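Written out below as structure tokens is the structure these notes cover.
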Amino acid sequence: MAGTVNKVILIGHTGDDVKMHYFEGGNSIGRFPLATNEEYTNRTTGERVSNTEWHNIVVRNKAAEICEKYLKKGDKVYIEGRLKTRKWQDDKGLDRYSTEIQCMDFTFLSPKGEGMGQGNAQQGASAQPQAQPYNTNQPAQPSQGVNESDVDDLPF
């Protein structure tokens, strides 16, 4: 194989609200933790075991603003991106490393009012997009409905 691949796909629950950082020139970065769970039965003890893995998600610019507006702690979200490891020095001068998921695409999966962070379930129906994919590599475009002519072209 001539090329390489760095791709991560996660479906999990947000561990906190999106924390935004703004820069000169209008750029921004949003960061939030994402929890994924693994459950299995221990064969020797028969006990049910649950492990939670935490991931550091980084979203940029317009996508970060969308995440800040609509994602709340506890919401379920689909994340697609790539791994990026950063090297930095702590206050003692020791080298430290952080592994992050640089988000390229995301889709909100929590139905309105089901996330732990949803304050008021009585808000208008258009307040939060539902299961709308967002590609951070493309400019935001209005969502378009599915035409019947498009459905006829599907191979299944």
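Looking across segment 47-66 at every residue that is within 15 Å of residue 106 (Cα to Cα) and not aliphatic (A, V, I, L, M), the one that is surrounded by the most Cβ atoms within 10 Å (Cβ to Cβ) is identified as 55. For segment 102-114, the criterion of a residue being loosely packed, with under 13 Cβ neighbours inside 10 Å, farther than 16 Å from residue 32 by Cβ and modelled with pLDDT of 95 or more is satisfied by no position. Could you tell me whether residue 66 is within 30 Å of residue 5 (Cβ to Cβ) and within 10 Å of the chain's Cα centre (by Cα)? Considered against the rule, which asks whether it is within 30 Å of residue 5 (Cβ to Cβ) and within 10 Å of the chain's Cα centre (by Cα), residue 66 comes out as no.
For segment 65-99, a tally of residues being of a type outside the set (Lys, Arg), farther than 13 Å from residue 32 by Cβ and assigned to a loop (DSSP other than H, G, I, E, B) returns 4.
Go through the residues of segment 73-82 one by one and say whether even a single one is surrounded by 12 or more Cβ atoms within 10 Å (Cβ to Cβ), hydrophobic (A, V, I, L, M, F, W, C) and more than 17 Å from residue 105 (Cβ to Cβ). The answer is no; no qualifying residue exists. With respect to the stated conditions, residue 69 is within 22 Å of residue 26 (Cβ to Cβ), among the basic types (Lys, Arg) and loosely packed, with under 15 Cβ neighbours inside 10 Å.
The values are calculated or read from the model by the stated rules, or taken from the named source; none is laboratory data. If you're wondering where the values come from, they're calculated on a predicted model, not measured in any experiment. Glycine gets a Cβ as well: all are built from the backbone with ideal geometry, and neighbour counts include every protein chain shown.
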